[in-house]
Amino acid sequence: MSAVETATLTDGDLSVDVLPGRGLDIAGARFRGMRFSWESPLGHIPWQGDFGRSFGGGWLLTCGLRNVGEPSEGQPQHGWYTAIAARD
């Protein structure tokens, strides 16, 4: 289940759900219709202001780009990238 815009890309037996509103993170991933990505009970929701309340799981989540590891210099542990919508 997704409460954010989802673009599904398919090539042969592989399909992935891309989340433009969440930095082009890849949510669900399926091979021959069988999901191999993990999804949290939250599902894929818009950013809630904090990583723990916003993490929907998925196949690929972009962290950073200004911070990795421990929170520092005003940046949260996983950074803000997943909170930024894709744009031209």
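The values are calculated or read from the model by the stated rules, or taken from the named source; none is laboratory data. Model, not experiment: these values are computed from the prediction. Cβ placement follows ideal geometry from the backbone for every residue including glycine, while neighbour counts extend to all protein chains displayed. Ligands, DNA and RNA are stripped out before the accessible areas are found, and what is left, the full protein with its side chains, is counted by its heavy atoms. Shrake-Rupley method; radii C 1.70, N 1.55, O 1.52, S 1.80 Å.
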Positions within the stretch 45-77 being exposed (fewer than 15 other Cβ atoms within 10 Å of the Cβ), of a type outside the set (A, V, I, L, M) and not in a loop (DSSP other than H, G, I, E, B), in sequence order: G52, R53, G64, S72
Tally the residues that are in contact (Cβ under 8 Å) with a residue 12 or more places away in the chain, within 14 Å of A3 (Cβ to Cβ) and surrounded by fewer than 18 Cβ atoms within 10 Å (Cβ to Cβ), restricting the search to the stretch 20-44. 5
Quickly run through the stretch 18-52 and pick out the residues that are among the aromatic types (F, W, Y) and farther than 17 Å from C63 by Cβ. F31, F36
May I ask you to verify whether W80 is modelled with pLDDT under 80 and surrounded by 13 or more Cβ atoms within 10 Å (Cβ to Cβ)? yes
Hits in the stretch 1-19 - residues which are assigned to a loop (DSSP other than H, G, I, E, B) and open to solvent by 100 Å² or more (accessible area, probe 1.4 Å): M1, E5
